[in-house]
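The values are calculated or read from the model by the stated rules, or taken from the named source; none is laboratory data. All of these numbers come straight from a predicted model, not from anything done at the bench. Note that each Cβ is placed from the backbone with ideal geometry, even for glycine, and that neighbours are counted across all protein chains shown.
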Amino acid sequence: MEAAINQYGRYDDRTKASIEELSETFKQFRLVPKQFDRLVNEMRQTMDKVRTQERLVMRLCVDQAKMPKKTFVQLFAGNESSDAWIDEALSSGKPYAERVARYEEDLRRCVQKLKIIEEETGLSVERIKDISRRMSIGEAKSHRP
């Protein structure tokens, strides 16, 4: 699997097939609670870091720069770890563009932190959120009678 990631990249179909095959193998194992809790806590900590940066970015854009929230969501969603959305907001010519420019350095710093999280985990922000969502759903189901 690691060879496939290095050779083709994480999102190539061949790599996904290799990951799926490995996943099926590991599904047969049962993790001891201590190990499982460690993995869950790591994922929660990662998600907390992502949420912190996303909240800060939203506060800067929506609250400080007065960008409409709908516009912010359109620009930011899916581009969390890319500077492109900042450039798009700055060159939009909209009334908020000038105010976004005041916070450009802080916004780029937040995006850089999100990129670092992606590099540390080997997962995109979108994938981290998906895993977190699935964990929450699984946890809720496990607590039902």
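Listed residues Thr71, Thr121, Thr52, Thr46; which is outside the structural domain of Gly9 (by TED's automatic domain parsing), of a type in the set (Val, Ile, Thr), farther than 30 Å from Gly9 by Cα and under 20 Å from the mean Cα position of the chain (by Cα)?
On the way: Thr121 fails: farther than 30 Å from Gly9 by Cα; Thr52 fails: farther than 30 Å from Gly9 by Cα; Thr46 fails: farther than 30 Å from Gly9 by Cα.
None of the others qualify; the one that does is Thr71.
So which of Arg10, Arg14 ends up being outside any loop (DSSP other than H, G, I, E, B) and of a type in the set (Lys, Arg)? Outline the logic, then answer.
Working: Arg10 fails: outside any loop (DSSP other than H, G, I, E, B).
After ruling out the rest, the residue left standing is Arg14.
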Would you mind stating whether Val57 is touching a helix residue (DSSP H, G or I) at 6+ places or on another chain (Cβ under 6 Å) and either among the β-branched types (Val, Ile, Thr) or free of Cβ contacts under 8 Å to residues at least 24 places away in the same chain (or both)? yes
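Inspect segment 15-34 for any residue being in contact (Cβ under 8 Å) with a residue 60 or more places away in the chain and within 20 Å of the chain's Cα centre (by Cα) and give the result as yes or no. First the steps, then the outcome.
Of segment 15-34, the ones in contact (Cβ under 8 Å) with a residue 60 or more places away in the chain are none.
No: segment 15-34 contains no residue that is in contact (Cβ under 8 Å) with a residue 60 or more places away in the chain and within 20 Å of the chain's Cα centre (by Cα).
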Result of the Cβ filter at 7 Å on segment 87-99, keeping first residues that are in the same structural domain as Cys61 (by TED's automatic domain parsing) and partners that are outside any helix (DSSP H, G or I), at least 6 apart or interchain, is Ala89/Met67; Tyr96/Ala65; Tyr96/Lys66; Tyr96/Met67; Arg99/Ala65; Arg99/Lys66
Thr52: hydroxyl-bearing (Ser, Thr, Tyr), surrounded by 12 or more Cβ atoms within 10 Å (Cβ to Cβ) and within 30 Å of Gly93 (Cα to Cα), yes or no? yes
